[in-house]
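Asker: Provided herewith is a single structure, encoded as structure tokens, for subsequent inquiry.
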Number of protein chains: 2
Amino acid sequence: MTKTVKVGMLGLGTVGGGVFKVLRNFDNIEIKKIAVNNINKDRNIEGLNKDILTANPDEIVNDKEISILIEVIGGIEPAYSLIKQAIANKKHIITANKELIAKYGKELFNLAKENNVVILYEAAVAGGIPIIMPIKTSLAANKFSNVAAILNGTTNYILTKMEKDGADFASVLKEAQELGYAEADPTNDVQGYDAAYKICILATIIFNKRCDVNKIFIEGIDKITPVDIEYARDLGYKIKLIALARESKGGKIDVRVHPMLVPLSQPLAHINNVLNAVVLNGHPVGQVMFSGPGAGEFPTASSVVGDILSLVQEIKYTDYPLPMMRCRHDETAVHLDIEETTNKYYISVNTANTPGVLGELGQIFGRNNINLTSIIQKGILEDGSARIVLLTEDALEKNVNKAINEITKLGVTKKILNILRVMD
Amino acid sequence: MTKTVKVGMLGLGTVGGGVFKVLRNFDNIEIKKIAVNNINKDRNIEGLNKDILTANPDEIVNDKEISILIEVIGGIEPAYSLIKQAIANKKHIITANKELIAKYGKELFNLAKENNVVILYEAAVAGGIPIIMPIKTSLAANKFSNVAAILNGTTNYILTKMEKDGADFASVLKEAQELGYAEADPTNDVQGYDAAYKICILATIIFNKRCDVNKIFIEGIDKITPVDIEYARDLGYKIKLIALARESKGGKIDVRVHPMLVPLSQPLAHINNVLNAVVLNGHPVGQVMFSGPGAGEFPTASSVVGDILSLVQEIKYTDYPLPMMRCRHDETAVHLDIEETTNKYYISVNTANTPGVLGELGQIFGRNNINLTSIIQKGILEDGSARIVLLTEDALEKNVNKAINEITKLGVTKKILNILRVMD
């Protein structure tokens with residue numbers, strides 16, 4: 001008979017409930033204890049024996065019989081302290097906590113190494129989509145030049161809905177909140193922090209150097225208007241919140257999260273609603289894409305339980321499990337400043353409707369070494385002014401900022417409406 | 001210093017050359033010997049020392065220093081005999097040989113189990129796309145209900161090109177042969193055998209029962225005409241060669257390879273040219289898709305070397321490596337006969353252009369319990385006859401065959417032009 005492995009769990013919310021329901025099907029794994037805030041809460045989880053619930057997580061992290069700790073509470077504390085204590089007690093860790101791994105990965109992986117245990121976190125990036133394990137194993141022969149991804153379902157839902165209905169950001173956000181697709185305080189999703197934690201984790205793995213989450217350039221989607229989406233469509237693009245990581249000249253890494261115009265020829269343009277997707281470019285593989293559900297009770301449970309099963313199989317046979325899955329990135333990455341990055345740009349300007357405006361704009365871009373590929377002026381706004389939309393060729397961000405600064409000072413300029421980066 | 005693992009390789013063609021070039025970057029792995037047909041052939045591979053070439057593969061499979069055998073010759077013999085000998089000599093096997101694993105997987109995996117070695121074959125399905133490792137590890141918690149995939153780049157290229165240019169099968173095939181995208185004898189690709197080997201391997205893994213390659217229903221793409229592609233487009237579909245595996249009522253498995261009309265709302269409709277893609281549906285994950293290059297020197301090498309690196313890491317620490325990757329499907333699957341499957345159908349019929357034809361067809365379908373969703377008759381053919389295209393709702397294949405038989409016997413019927421299955 002197979003030896004039963006005993007696991008303990010911190011948290012029994014949406015993800016924890018999913019993990020419990022899935023793990024119940026595997027006879028060789030016993031959930032010995034689950035730490036929750038409120039033992040008496042009615043949880044409506046079939047098969048849950050309330051005797052295994054505890055309000056004291058120390059009972060789990062210090063339990064000698066428990067060999068694997070599953071952390072699904074999220075956030076930094078108390079997760080961080082409890083995981084450190086569990087590692088010191090030689091327990092393997094499986095977590096869905098992107099914020100914790102992004103911010104404290106270095107400390108935790110070092111501690112895990114000292115204690116000869118592993119930390120697995122497939123569920124922390126892109127929910128149910130297998131991505132960390134494939135990069136570390138099947139794709140291990142590759143040197144990756146860049147990854148581009150849609151890693152936040154809430155913002156992808158909002159942008160998809162804005163595009164479909166021609167509605168503005170605020171009203172779609174409100175609707176998404178009512179449907180439960182966006183949280184009451186949507187800052188974490190809408191401003192790009194959630195995607196930043198995830199791309200930080202991916203960048204660290206693909207470049208084998210620790211990405212600093214505080215150095216990731218972040219812009220949210222709240223500045224996107226239905227007019228931008230319409231112009232983008234006319235030009236052959238969709239607007240998506242893209243998490244990017246590239247290796248640039250000199251070995252610096254360029255990691256950021258911001259809205260982008262994505263050409264319809266790119267697979268990411270067709271990832272809609274709450275779906276996530278990760279596109280990896282590397283040698284020898286070329287380009288591969290993984291897509292699927294990036295969040296939710298069961299997709300996240302799929303990744304958490306996948307990690308548990310992989311680990312349980314290994315610890316039957318070896319004291320040094322999953323060597324390929326261990327973190328070996330002691331080196332700290334140097335980040336490229338956003339000002340030094342090269343991008344194509346979409347620039348929307350509101351100007352007076354007078355002759356010579358296009359000429360003045362053209363001169364400014366020329367002086368700043370920026371070539372334009374499209375200039376669109378459609379009709380006249382209600383107040384008699386003009387909206388001019390420009391697309392640039394590749395240009396240095398700092399040159400674009402200089403040009404925008406000059407345009408702002410032009411007498412004919414009423415307002416810079418939007419500046420967005422454009423994917424190749 | 002890391003211990004060097006010695007590997008031997010059978011074959012140095014396109015894939016073998018790629019593996020050699022990629023593996024050279026890893027110091028801890030030494031390619032000790034490579035068996036080739038012609039030692040003196042000029043190979044133009046940088047860094048290749050001809051002293052490691054041998055015309056005698058026994059030198060490799062019997063070499064005690066070699067712990068991993070990489071087989072990249074393809075086909076059944078001599079690969080099968082050499083691999084069996086190597087396993088008996090306690091060597092781990094890494095292969096890209098889909099035909100061998102599909103036809104002789106049972107024998108080989110049993111032999112590997114007896115000898116406590118592993119057989120890894122990530123490259124055998126979908127080239128550079130990680131699919132086998134993710135199913136066995138990150139997705140291990142799932143019960144899969146079905147997989148639908150584009151697994152042959154040659155046919156996907158031909159269908160994409162036929163669609164784009166409105167050209168017929170024969171002329172596009174000729175062009176593909178000239179470009180090197182199709183082989184001189186294209187039977188293996190065009191008739192669906194290549195895709196059948198691959199879906200056989202996938203079905204075995206996802207259902208955990210051995211799929212019998214001889215019981216896979218196979219239809220090729222040579223019967224697809226530009227007119228079918230045009231009608232499909234008008235109806236909102238693309239035509240793709242789809243490899244399918246489903247579990248049906250009673251636990252039988254339904255595995256097949258045939259052209260299908262794929263709705264534009266499905267991600268597989270947008271996989272073009274030589275790309276491959278695999279869509280998995282399971283619980284708890286839901287639907288995930290993996291796409292990328294399904295063949296070629298470097299993508300295939302990515303998977304072969306990924307397997308090697310995963311295995312090399314493990315055998316440093318354990319005598320029972322990669323337990324999750326081992327095959328544990330002793331059970332043989334029972335296949336559902338194609339006659340018993342339920343599908344939607346696209347049926348194209350050439351009839352006399354007389355009143356009442358649609359009524360006669362409608363009566364036949366009704367008698368056979370088949371509901372129609374669309375009937376299209378556009379214009380008249382050059383000879384004055386009519387082309388009628390019908391789409392059905394879900395229907396039993398044997399009922400459709402009965403209906404077609406009755407239609408053939410109708411006085412007004414000139415020819416059944418095509419019958420294709422339609423994806424939901």
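The values are calculated or read from the model by the stated rules, or taken from the named source; none is laboratory data. It should be emphasised that the depicted structure is a prediction, and the values quoted were computed from it without experimental measurement. For neighbour counting, all protein chains shown are included, and Cβ atoms are generated from backbone atoms with ideal geometry for every residue, glycine included.
Asker: In segment B:305-316, is there at least one residue being farther than 21 Å from A:GLU314 by Cα and of a type in the set (S, T, N, Q)? Working first, answer last.
Answerer: First, pick out the residues of segment B:305-316 that are farther than 21 Å from A:GLU314 by Cα: B:305.
Retained after the next criterion (residues that are of a type in the set (S, T, N, Q)): none.
Scanning segment B:305-316, I find no residue that is farther than 21 Å from A:GLU314 by Cα and of a type in the set (S, T, N, Q), so the answer is no.
Asker: Let me ask something else about it. Which of the residues spanning segment B:195-225 are touching an Asp or Glu at 6+ places or on another chain (Cβ under 7 Å), crowded, with 19+ Cβ neighbours inside 10 Å and among the hydroxyl-bearing types (Ser, Thr, Tyr)?
Answerer: Listed by number, the list holds a single entry, B:TYR197.
Asker: Between a residue in segment B:226-239 that is over 13 Å from B:MET423 (Cα atoms) and any residue that is acidic (Asp, Glu) and in a helix (DSSP H, G or I), which pairs come within a Cβ distance under 8 Å, given they are 6 or more apart or on different chains?
Answerer: B:ILE229/B:GLU163; B:ARG233/B:GLU163
Asker: Right, another one. Kindly indicate whether A:VAL7 is crowded, with 18+ Cβ neighbours inside 10 Å, in contact with a Pro (Cβ under 6 Å, 6 or more places away or on another chain) and under 27 Å from A:ILE201 (Cα atoms). Walk me through it before giving the result.
Answerer: Details: crowded, with 18+ Cβ neighbours inside 10 Å: yes; in contact with a Pro (Cβ under 6 Å, 6 or more places away or on another chain): no; under 27 Å from A:ILE201 (Cα atoms): yes.
Considered against the rule, which asks whether it is crowded, with 18+ Cβ neighbours inside 10 Å, in contact with a Pro (Cβ under 6 Å, 6 or more places away or on another chain) and under 27 Å from A:ILE201 (Cα atoms), A:VAL7 comes out as no.
To keep it simple, each residue is scored yes or no on (1) in contact with a helix residue (DSSP H, G or I) (Cβ under 9 Å, 6 or more places away or on another chain); (2) more than 14 Å from chain A (Cβ to nearest Cβ); (3) modelled with pLDDT of 95 or more.
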site	(1), (2), (3)
B:LYS316	yes, no, no
B:MET325	yes, no, no
B:ASP330	yes, yes, no
B:THR342	yes, yes, yes
B:ASN369	yes, yes, yes
B:GLY379	no, yes, no
B:GLU382	no, yes, no
B:ASP394	no, yes, yes
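Asker: Give the number of residues within segment A:287-303 that are surrounded by fewer than 24 Cβ atoms within 10 Å (Cβ to Cβ) and more than 7 Å from every other protein chain (Cβ to nearest Cβ).
Answerer: Summing the residues that are surrounded by fewer than 24 Cβ atoms within 10 Å (Cβ to Cβ) and more than 7 Å from every other protein chain (Cβ to nearest Cβ) in segment A:287-303 gives 3.
Asker: Moving on to the next point. Return the residue satisfying two criteria in turn: it lies in segment A:45-72 and is out of contact with any helix residue (DSSP H, G or I) (no Cβ under 9 Å at 6 or more places or on another chain) and of a type outside the set (D, E, K, R), and of such residues it is surrounded by the fewest Cβ atoms within 10 Å (Cβ to Cβ). Walk me through it before giving the result.
Answerer: Here is the first cut: in segment A:45-72, the ones out of contact with any helix residue (DSSP H, G or I) (no Cβ under 9 Å at 6 or more places or on another chain) are A:49-53, A:55-56, A:59, A:63-65.
Applying the additional criterion that residues be of a type outside the set (D, E, K, R) yields A:49, A:52-53, A:55-56.
On the way: A:ASN49: 8, A:ILE52: 15, A:LEU53: 18, A:ALA55: 11, A:ASN56: 11.
So, considering only residues that are out of contact with any helix residue (DSSP H, G or I) (no Cβ under 9 Å at 6 or more places or on another chain) and of a type outside the set (D, E, K, R), the one surrounded by the fewest Cβ atoms within 10 Å (Cβ to Cβ) is A:ASN49.
Asker: Could I ask something else about it? Among the residues of segment B:112-120, is there at least one that is within 20 Å of B:ILE206 (Cβ to Cβ) and either assigned to a loop (DSSP other than H, G, I, E, B) or of a type in the set (Val, Ile, Thr) (or both)?
Answerer: yes
Asker: Can you tell me which residue is farthest from the chain's Cα centre (by Cα) among those in segment A:167-197 that are assigned to a helix (DSSP H, G or I), under 26 Å from A:VAL227 (Cα atoms) and aromatic (Phe, Trp, Tyr)?
Answerer: Only one residue fits best here, namely A:PHE169.
Asker: Moving on to the next point. Please specify each residue of segment B:365-399 satisfying the condition of being among the hydroxyl-bearing types (Ser, Thr, Tyr) and under 32 Å from the mean Cα position of the chain (by Cα).
Answerer: Restricting attention to segment B:365-399, the residues satisfying the condition of being among the hydroxyl-bearing types (Ser, Thr, Tyr) are B:373-374, B:385, B:392.
Scanning segment B:365-399 gives B:THR373, B:SER374, B:THR392.
Asker: If I go through segment B:381-424 residue by residue, how many of them are surrounded by fewer than 13 Cβ atoms within 10 Å (Cβ to Cβ) and assigned to a strand (DSSP E or B)?
Answerer: Total meeting the criteria: 1.
Asker: Okay, next question. Here are the criteria: (1) buried (at least 24 other Cβ atoms within 10 Å of the Cβ); (2) more than 7 Å from chain A (Cβ to nearest Cβ); (3) over 18 Å from B:LEU23 (Cα atoms). Tell me which single one B:PRO284 does not satisfy.
Answerer: Looking at each condition in turn, B:PRO284 falls short on (2).
Asker: (1) modelled with pLDDT under 95; (2) at the interface with chain B (Cβ under 8 Å from one of its Cβ atoms): which one isn't true of A:GLY306, the others all being true?
Answerer: Answer for A:GLY306: the failing condition is (1).
Asker: Could you say which residue among A:VAL278, A:VAL312 is touching a residue at least 40 places away in the same chain (Cβ under 8 Å), more than 9 Å from chain B (Cβ to nearest Cβ) and within 30 Å of A:LEU179 (Cα to Cα)?
Answerer: Values: A:VAL312 fails: within 30 Å of A:LEU179 (Cα to Cα).
Selected residue: A:VAL278, the only one of A:VAL278, A:VAL312 that is touching a residue at least 40 places away in the same chain (Cβ under 8 Å), more than 9 Å from chain B (Cβ to nearest Cβ) and within 30 Å of A:LEU179 (Cα to Cα).
Asker: Condition first: of a type in the set (Gly, Ala, Ser) and away from chain B (no Cβ under 14 Å). Can you find one or more residues in segment A:214-232 that meet it? It would help to see each step written out before you state the result.
Answerer: First, pick out the residues of segment A:214-232 that are of a type in the set (Gly, Ala, Ser): A:220, A:232.
Adding the requirement that they be away from chain B (no Cβ under 14 Å) leaves A:220, A:232.
Yes - at least one qualifying residue is present in segment A:214-232.
Asker: While we're looking at this one, here's another question. Of these, B:ILE39, B:ILE34, B:ILE60, which one is touching a residue at least 40 places away in the same chain (Cβ under 8 Å) and away from every other protein chain (no Cβ under 14 Å)? Quick ask: steps written out before the conclusion?
Answerer: Details: B:ILE39 fails: touching a residue at least 40 places away in the same chain (Cβ under 8 Å); B:ILE34 fails: touching a residue at least 40 places away in the same chain (Cβ under 8 Å).
Going through B:ILE39, B:ILE34, B:ILE60 in turn, the sole match is B:ILE60.
Asker: Among the residues of segment A:373-380, is there at least one that is of a type in the set (Gly, Ala, Ser), free of Cβ contacts under 8 Å to residues at least 24 places away in the same chain and outside any helix (DSSP H, G or I)? Working first, answer last.
Answerer: To start, the set of residues in segment A:373-380 that are of a type in the set (Gly, Ala, Ser) comprises A:374, A:379.
Then keep just the ones that are free of Cβ contacts under 8 Å to residues at least 24 places away in the same chain; that gives A:379.
Add one more test, that the residue is outside any helix (DSSP H, G or I), and what stays is A:379.
Looking through segment A:373-380, at least one residue is of a type in the set (Gly, Ala, Ser), free of Cβ contacts under 8 Å to residues at least 24 places away in the same chain and outside any helix (DSSP H, G or I).
Asker: Output yes when any residue across segment B:338-350 is under 15 Å from B:GLU393 (Cα atoms), free of Cβ contacts under 8 Å to residues at least 24 places away in the same chain and either assigned to a loop (DSSP other than H, G, I, E, B) or not aliphatic (A, V, I, L, M) (or both), and no when none is.
Answerer: no
Asker: Looking only at segment B:10-30, count how many residues are under 30 Å from the mean Cα position of the chain (by Cα) and either surrounded by fewer than 21 Cβ atoms within 10 Å (Cβ to Cβ) or among the polar types (S, T, N, Q) (or both). Break it down stepwise before answering.
Answerer: Residues of segment B:10-30 that are under 30 Å from the mean Cα position of the chain (by Cα), as a first pass: B:10-24.
Those left that are additionally either surrounded by fewer than 21 Cβ atoms within 10 Å (Cβ to Cβ) or among the polar types (S, T, N, Q) (or both): B:13-14, B:17, B:21, B:23-24.
Of the residues in segment B:10-30, 6 are under 30 Å from the mean Cα position of the chain (by Cα) and either surrounded by fewer than 21 Cβ atoms within 10 Å (Cβ to Cβ) or among the polar types (S, T, N, Q) (or both).
Asker: Right, something else. In segment A:89-146, how many residues are without any contact (Cβ under 8 Å) to a residue 60 or more places away in the chain, within 12 Å of chain B (Cβ to nearest Cβ) and farther than 20 Å from A:GLU314 by Cβ?
Answerer: 0
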